[in-house]
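Let me begin by presenting the structure, written as structure tokens, before commenting on it.
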Amino acid sequence: MRTLPVGFLSDVENSRSISARLTFRDNRLVFTERVLADSLGLADPSTADAAPSGTGILRVVNYSNALYTQDITDPSSILYPDWADASISLAVSSRPGVEGDRIWYQDSIGDIYYWDYPSGSPVLVTSSYAAYTVTLAPVSTSVCYIHFLDQGWGRIVRLTSAGAETEWQGRIYGNVVTAQYFDAVTLNGEDHLYAADQNDGRLLTLKYYEGIWSDTSYVIPLDVVDETSYFRMAYASVIDGKVVITGRLSRQTEYDVPVAFDIYTFGPDHYTMGRDLFVSQEDIGGKMFLIDSMLFYVGINTVSEADATMLVGYDHPDHKVVVNDLHSWSLGCAGNTSGQFSASLARSEEDAMIRRNAEALLEININGAWATMATVSLDTVTATDDMDRQELLLSGRSSAIKKLSMWESDQNYDYWSQAKLSAHPGELENVIRVTGLWDEADAGPLELEDLNVDGVLYMSAKASRGGLMRAKFQKPTADDFSPLYGVALNYYYNTEAEIGHNGLLAIWGDDQHSGGAGIGLYYWDDGVMTLLTSASLSIPDDTWHWLMMTFQDGLIRVFYRLDSTTTWTSVISMVFDEEDYLPWKREAFGRGGLYIRNRTPYSMTPGFSSNSMILPVESTASFPTSETVVVNQEKITYDGILSGTPIPGDLIYDPDGYTATRATHNNSYFDGSEIVARDGAYIPADRNLNSSASYLFGPSWKQTGLTMVTEIKFLLKRNGSPPPLYCYLVHDHYDNQAPQQQYVRSWGSVSYSSVGTSYSWVTFTITNPVWTSPTGYFAMLTMRNPSTGAHPGYDASNYWTVQIDNNNLERPGVIRAYNNGWYTVEGIAVPFQVLGRNRTGTGYEIYLDGRGSPCERDTYNNFSLVVTDGPGKGSVFTVTDYDWQAPNQWVPNQEYEAPEKWQDYAGLSGHGSWATSNLSRIFVQENPSGIIGAGTVFRMWPSLLVSERGVDGTLSTSHGETEVSVYRDASVQTDLVQFYSTEPDMMMEDIIRELGTKAGVQDFEFDQALETAVSSTAGTWGAPSYLPGRKNFIARFNAPTLSSSQEVGVICRATAQEPAIADLDQGYMITLTWENKLRFYINTLGTWIMLEEFAPGFSFAGEVRISGQDDAFSVWVSGRYAYTFHDATWADGEYAGMIVYGAATVTPNWSDLDRRKDNYIFDMGQRGAQLLADMIGQRRIYYHDSQTGALKVFRSRPAAYDVGDVLIASNDIQSDGAAASRVRAEGYNVAEYVDYDLLREEGNLFKLINAMEANDAWESYEEARKVLLEAASRTSNYAPVGFADPRIEPNDQIVLSLPDGDVSVIVDEVQFGMDIASDRVTFDMEIGARDAEGS
Amino acid sequence: MNNYITLDSKKYMTSSKDWAPVWLKPATDRITLSGEMDVTYGPGLIVGYTGSIIAPVTSPGTGWGTVSDLKTTLAKRTAVTFTAHDSSTAVNVHVLGPFNPASMSPMWDASSNEWHVPVRVLEA
């Protein structure tokens, strides 16, 4: 309903006089630039600041680190005065600021001063920022904001002229190399700040209001991957009650002609990007001022000027013309579309202001009083000239919707409401499992089945930078069980790119704070955790509790609450300030996350086979001596630990390593392994040793390496009591070269008392055994004393008899007897055993590159040798022996033709020489042949000695690299995870306002659902002011100043409008308290209890927004996210309203369009009007242009009013063309509404509507219900005609006086026409309406 | 009181049979659905004359218009000056048709012939 002057229609029935007039305005801002004479030769516009001063502008600049001023008394003059040196040295690259003739600057030593131009004295404000290069942006003479980079990130501080400092809690993160793209203005008590997080990219804004800093938001909210536009801010100023941001818009183009120009945009909160935008194609980087009738866009050495128009609130007489004589005009108005205007004027009225895009204000006069009928924008101006007449024909549309119709989005603008997710962590559709094996619980607590594995889940809610993440945990009591668990934000993980865990992580553990219990706050970068800070916190076992982390613009806070209590404990509060590290891996892809690590003693294993009974582990230090461990899902018990330190580092297999026969060896510790040189079956025979000169040369053997013979055994018996018998270990040369004795290497002896009279193996223990070279040796039995050379005489009764083998002549050993000379007795062999040690290790030999450190050969026995790379990777061998330096290597000096090979000649003179080995050998139990090869890399690991595999019915399998954990049947439990981003919930009003503003609309009229002040008295809850139909809602009000015990807030989910809240039997209350806390109450069967209380950490002032959506109840204060409560008890109850406790009063401005809009993208190429229509869809939201050109949007029709006795005709039209009796709304939720009366009366008329925008099933149901009601009302239509009632607008409910009685109808469209001729004078309306009954 | 009018600076005689003043009050009257009279008035009162201007083929003297002069005046799409019989003050008027000139003689171009041209003269 149009607003008309009081009494305007008081005397119009039956007769009246009429006329009309049109006022045309050309509101365009057409700038022309001119270059200024620049006495300093300045180039960078971001080094200066400017502000209105008297009748002109005062400018300041940092030129060569000195302050210069320019006092422009007449900005329109051709010549600006020269810059004047203020004789003040400035900090390098600092930028001074000016406001109200007060100049703020950072001097050369970094102190910040102000100086009242021109005659004041510098006053020191602060010395706190000497370490930084500061950009100053004063908003008044008493407040100045400073912006500077610290650790690469932007900080912002509010300074007062008295030196008080208040720092913004956050940081500007991004690709910022200068702080100079920064400015601030004050408007209506709020200070608006602008800073860039990309130098040529995006502009962030935040505000400060009565002690509260808001969160940041983007001036131009681009799609996350959009690179179409870049906007580099120049400056901000305030003109006509609006913030004017200037800067340079650059557009991405692949053609070699850049698209870039300077623009202005009006704000704050929503910023225009419509038809009125352009300043100059030159890169001026100016600041906008309105001085008298001119706009000045002042750059560093260029100024652009434009006549001011009504666009900036100035009614410029040169841009306006009034036409009083109209032949006729018509105005058609229908719901949710632009009004259509046409008019006819005399050609004589032609004027430059009457042009396309001119604004035309249509006013009507009835009985001498004027009223505004419409504000339109001309589409066409047609000058007709025909034989009958000369006329000026105009057509146009109501101006706001025309802007929407003509505006086409030039990029993808992306808008999001708060992401909300509360879920059981086992819900796979809501909580994504990244790592760890989790149980399948979807009702009881979820547990991580793994031990010592990082179990990570993340929330599937929309990604965001920061937010609130919390989870409910319980940890069990168990020995050797020390869990870690917590919550994460900005979490990012990309398996395809092999990027590990990233984000911010708050972990509780019993060692997280200086070794004690507490919270550790980590920065997680590609899987590497870096501790940022920690705090002490003890949490009882077996008790449900919450951990919560928030991240807002760099401020990280961690909280803790027992589930049984209502209040949170703040544990950590810090600002993320890591140099060179952003607080997110991908700023647009951060998620809320949950972390659990069921920690028991553990170590990594490289893997082992399914039958291995040693279990290689990286370290055994934390393992008990015997325990059950779990590897993957297999339980294994062990009963021994191989402690010690393995060989560190990689061990490289050397395929050329070879132990040649007779190789020498330098490793004195490697004294060989026991060998048996001779053994086996034989055919017994006897040979007596009874002569003093008798020698029995026993077997010979050829050693394969250095050998230390320690024992030699023969089958002997004594006869009588012979003298001792000696066994010489004799070199092969003994029988060939003199003196013979030099070839006796060592010997052993036995006496008759130790030998029986029948054959038995008799051991000669070699005295002083020595290493013997790999050549031929003999064991010689004799009774000659090796020390003295004496020997007994012949004794036929007392002698020794040796068992000989008379049946194996082919054995390599020969018997030689000495009897006045050497001779050989062929065909006789002696069974014997030579025991000793040689340089061959125990097990299978593996050569390794490089010598090791000297150590005992059993040092690493039973350690695990693990192939970590190359052939055989994953194989594990058990170490049985170790030779830290391999035998010397034979270096042949010639080549051999096959089948000969150099190994056949190793050690032989003339074939080469020995070289000291640079290898080591390791011996293993398992045969590595065919497994390892060139390129094999080993690591040596200690081991657990397994006693049983596959314990408790688990499957014994091979394992790859994984953890070996001491098994405990224990896990941290979690049964609820919640994530909320910080973006304020957008209601329909917000997004329509944003869309309209983008299109250039600056005036809006949104109906308020609740505006009446609500109050109470001391000590009581007042009667709520209820609104129906608001199970979900977004309430809005200004925070009042509260005193002791007072609270204000929202009551919701009530099923009735009970004045006394105690009479309700269900509901919630979300309140702000006098202590700057938020409270969440629940009513259960009439009893109210407080569920939760949270202190956001800042005072309450400014606009409060409380959003209740299903089970989430979020609060924002002055643009800053405060908190989200959660409860799912009451899912219905459609009454919500304001509530007050105590003698306080709150005045709401609760929008009638408070339905939440989850996400909306202004797709590039989409027209604004189409976007608006798509957004509204079939919802009962109505809009049209108001008479003053504002976009008027409402959901509730104004109260019905009577149209007087002005109708001269009417048609009553019955139709079922649009009828429906059943409506089904389908979107994410499906709901169907049936009107059974209509079903009976009209039959089955089904209608399907799209409810993709509905937030839940209830909203879908409401959509269906309203659409059906709307359809039902269209069965009975009216088309009255009569004298115009200019109040009537589409969707008004009016009462028609018809011959059959009064009828209440809803106006769908109305056509006004005024025709003034000598023989005809009319101001009529034709209405298209429908029965209001039931709608 | 003159025996002529002055139109567009030319004098013409008018026909006594039909020349008369006109006062026009722009308005529309109708009956509403309730049977009441409904009148909408336009602004102002339109004053003028209606009747026939007598235009001779040949000018009777200096200052007097001919049929040719009258035709030129009537073709103009702007207001022209007009002085009534009873006035000495010229006002701007719109001269409106339809013009249905009638010749007094079958010899249209006879020098003695006169044309009678009905007009509506309304003050601008």
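Nothing in this text is a laboratory measurement; each read-out follows from the coordinates by a stated rule. Treat the numbers as computed from the prediction; the structure is a model and nothing was measured. Neighbour counts run over all protein chains shown; Cβ positions are idealised from the backbone, glycine included.
Assorted remarks:
- Residues in the range A:931-960 that a label on residue A:610 would reach, taking backbone N under 14 Å of a point 7 Å out along Cα→Cβ: A:949-950, A:954-960
- About the Cα centre, charge dipole magnitude for the protein assembly as shown (Lys/Arg +1, Asp/Glu -1 at Cβ), debye: 3140
- Cα shape, the range A:1219-1274, gyration tensor, a/c 1.5 rule: prolate
- Karplus (6.51, -1.76, 1.60) ³J(HN,Hα), θ = phi - 60°, over the range A:716-723, in Hz, Gly and Pro reported as x: 10, 8, 9, 10, x, 10, x, x
- Computed from the Cβ-Cβ distance with R0 of 56 Å, the FRET efficiency linking residue A:929 to residue A:768 stands at 0.90.
- Using a cutoff of 8 angstrom between alpha carbon atoms and counting only pairs six or more residues apart, the relative contact order for chain A works out to 11 percent.
- FRET E, pair residue A:351, residue A:1173, Förster distance 22 Å, beta-carbon r, rounded to 0.05: 0.05
- Within the shell of other residues whose beta carbon sits under 13 angstrom from the beta carbon of residue A:127, the net charge comes to -3, with Lys and Arg scored +1 and Asp and Glu -1.
- Neighbour net charge for residue A:1092 - beta-carbon separation under 15 angstrom, K R +1, D E -1: -1
- Taking 25 Å as the straight-line reach from the Cα of residue A:585, the lysines in range (excluding those fewer than 8 positions away in the same chain) are A:420, A:462.
- Summed side-chain charge close to residue A:1328 - residues other than residue A:1328 whose Cβ falls under 9 Å, Lys, Arg +1, Asp, Glu -1: -2
- Over 28 Å between alpha carbons, listed pairs A:402/A:1157; A:475/A:1157; A:287/A:1157: A:475/A:1157; A:287/A:1157
- A dipole drawn for the range A:934-1069 from +1 and -1 charges on Cβ atoms has a positive end, and of A:1046, A:965, A:1009 the residue lying farthest that way is A:965.
- Computed FRET value (nearest 0.05) for residue B:1 with residue A:367, which takes r as the C-beta separation and R₀ as 51 Å: 0.80
- Spin-label zone in the range A:446-476 - amide nitrogen under 13 Å from a point set 7 Å from the Cα of residue A:567 along the C-beta vector: none
- Ordering A:1187, A:1305, A:761 by Cα displacement along the dipole of the protein assembly as shown toward the positive end leaves A:761 in first place; charges were set at the Cβ atoms of Lys, Arg (+1) and Asp, Glu (-1).
- Label-point separation, residue A:13 to residue A:325 (7 Å along Cα→Cβ), nm: 3.7
- Across the range A:1008-1151, C-alpha contacts under 8 Å between residues 6 or more apart give a mean separation that, scaled by the residue count, equals a relative contact order of 42 percent.
- Taking the centroid of alpha carbons for each part, the range B:75-124 and the range A:2-72 are 55 Å apart.
- Here the extension length gained between residue A:862 and residue A:218 equals 225.5 nm, from 0.36 nm per residue of separation less the Cα-Cα distance.
- For the range B:1-93, the list of trypsin sites (Lys or Arg not before Pro) that fall in a loop by DSSP and count at most 15 other C-beta atoms within 10 angstrom reads B:17, B:76, B:77.
- Length released on extending from residue A:894 to residue A:1281, taking residue separation times 0.36 nm less the Cα-Cα span: 127.1 nm
- Amide H contacts under 5 Å for residue A:172: A:154, A:155, restricted to partners 5 or more places along the chain or on a different chain, H placed in the peptide plane at 1.01 Å from N.
- With a cut-off of 16 Å on the backbone N, the residues of the range A:1187-1209 near the modelled label site 7 Å out from residue A:1295 along Cα-Cβ are A:1198-1207.
- Label point distance in nm, residue A:958-residue A:1239, each placed 7 Å from Cα along Cα→Cβ: 6.6
- Order of A:185, A:323, A:1234, A:487 under a 10 Å beta carbon neighbour criterion, fewest first: A:1234, A:323, A:185, A:487
- A simple spin-label model places pseudo-atoms 7 Å from Cα toward Cβ; at residue A:1056 and residue A:652 they are separated by 8.7 nm.
- Multiplying the residue separation of residue A:1248 and residue A:386 by 0.36 nm and removing their Cα-Cα distance gives an extension gain of 305.1 nm.
- Other-chain or far-sequence residues with amide H under 5 Å of residue A:30's (modelled H): A:307
- Among A:431, A:1028, A:1282 - extreme Cα towards positive end, dipole of chain A, charges at beta-carbon: A:431
- Proximal lysine pairs, the range B:5-123, alpha carbons under 22 Å, eight or more residues apart or interchain: 5
- Low-density loop positions, chymotrypsin sites (Phe, Trp or Tyr not before Pro), the range A:180-284 - DSSP coil, at most 16 other Cβ in 10 Å: A:255
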